[in-house]
Amino acid sequence: MSRALPKYNKRRVGFIGGAAAVALTGAVIAGTALAGESSGDGAGADARTLAGPGTISCPDVAPRLPAVPASARAEVDRTLGDLDKQIAEANQRLVDTVGQGGPNFVRNAILGPLEDKRFAAINRIATAIGRTAERPAGLDALAPCSLAGQGGAGQGAGQDAGGGQAATPPAGDAGQGADQGGGEDTGQAGNTGAGAISCPDVAPRLPAVPASARAEVDRTLGDLDKQIAEANQRLVDTVGQGGPNFVRNAILGPLEDKRFAAVNRIATAIGRTAERPAGLDSLAACTLTE
C-alpha cells in the first residue's frame, strides 16, 4: 500500500502536468490565432474603412423639366429611369472597386463615364421635348455628379493601371469595365479579329458654324476623331478576349455614348447663336467592319 501510493501520486502528477501543458498549448495557439486574426482582420477592416466607397450624388433632372408634351412623355419617363439606373450602377461599381486604381480612379473610371452617359440621356430628353415644344435649355449642367462621403484616401491606393486608365483618359473610356465584364461572362473568344470601326462623318452634316462656336466645334470634331482612333486601338488590344457581345458591350456601345454626347455638344454650341442643327444624334452609332 505504501509502495503503490507513490506510483499513484506520480501518475496523478503526470496527468495533471500533461493536462496543464495541453491547456497552456491550446491557450497559446488560441492567443496566437486571435492575435493573428485581430491583426489581419483589423488591418483589413481599417483598409476597407479608409477606402469606403462613398456615394454618387447627381442633380435631379425631373424637377428641372418644363411641361412634357404627351407625345414625349413615354420617352422622357424611360430616360429618367435610365438616369436612375446609371447612378445605381455607378454606386455598385464604387463598391466593387474599393481599393483599386490610382488617385484619379473614381474620377476617370466612374464619374467621368457617368457624366457622359447622363449628358447623352439628358440631351435625349431635351430632344424628345423639343420635337413638339420649345427645347429646354440648361439641362446639360445637370450631367456632372460628385462623390459624397468617401472614407479617407479611398480608392487612391494602388496604380492607375488598376482602373485601366491613364491619368487623363478620354471621358468614359475607363468606365466601361462593367460593360466589358458583361461581355466576358461566357469566357468565349468574342473579339476574334481586330477589324475596324466605321462611324458616320459629322463635319459634312453641319450647317454654317457661327464664329462664336467655331473653336468649340473644331475641338469637339477632333475629339470625335480621337474617340474612333482609341476604339480601333482597343479592338487591336483585346483580340481574343470576351464573349460574343464583347465588342458591342465594351467598345461600340461606349463609343456611341461618347459620340452622342459630343455631337450634342456641337449642336448646343451652334444653337447658342444660330438655329440648332437637328438629326445629328443619328450620327452617333458606329459599326464594325471586318
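If R0 is 30 Å, the Cβ-Cβ spacing of K226 and A67 corresponds to a FRET efficiency of close to 0.15. Among the protein heavy atoms, those of E216 account for about 50 Å² of accessible surface (1.4 Å probe, every chain in place).
For the range 62-73, the Karplus equation 6.51 cos²θ - 1.76 cosθ + 1.60, evaluated at θ = phi - 60°, returns couplings of 3, x, 8, 7, x, 4, 8, x, 4, 5, 9, 4 Hz by residue, with Gly and Pro reported as x.
Approximating the spin labels as points 7 Å out from Cα along Cα→Cβ, the D82-to-D237 distance works out to 2.6 nm. Solvent-accessible surface (1.4 Å probe) assigned to I56 amounts to roughly 10 Å².
Between D60 and R214, take the C-beta separation as r, use R0 = 30 Å, and let me know the FRET efficiency to the nearest 0.05. List each step's numbers first, then the result.
Values: r = 34 Å, r/R0 = 1.14.
The value I calculate is 0.30.
In the range 113-149, which residues have a backbone nitrogen under 18 Å from the label point lying 7 Å from A74's Cα in the Cα-to-Cβ direction? What the label zone holds, given the 18 Å backbone N cut-off, is 124-133.
Calculate, for D201 and A274, the FRET efficiency according to 1/(1 + (r/R0)^6) with r their C-beta to C-beta distance and R0 22 Å; round to the nearest 0.05.
Values: r = 21 Å, r/R0 = 0.95.
Once the sixth-power term is evaluated, E becomes 0.60.
Note on R131: accessible area approximately 150 square angstrom, rounded to 10, probe 1.4 Å, nucleic acids and ligands left out.
Annotation: amide H-H contacts under 5 Å for G54 (H modelled 1.01 Å from N, sequence separation of 5 or more, or interchain): G151.
The values are calculated or read from the model by the stated rules, or taken from the named source; none is laboratory data. Being a predicted model, the structure only gives us computed values, none of them experimental. Note that each Cβ is placed from the backbone with ideal geometry, even for glycine, and that neighbours are counted across all protein chains shown. These accessible areas exclude ligands, DNA and RNA; they are computed on the full protein's heavy atoms, side chains included. Shrake-Rupley method; radii C 1.70, N 1.55, O 1.52, S 1.80 Å.
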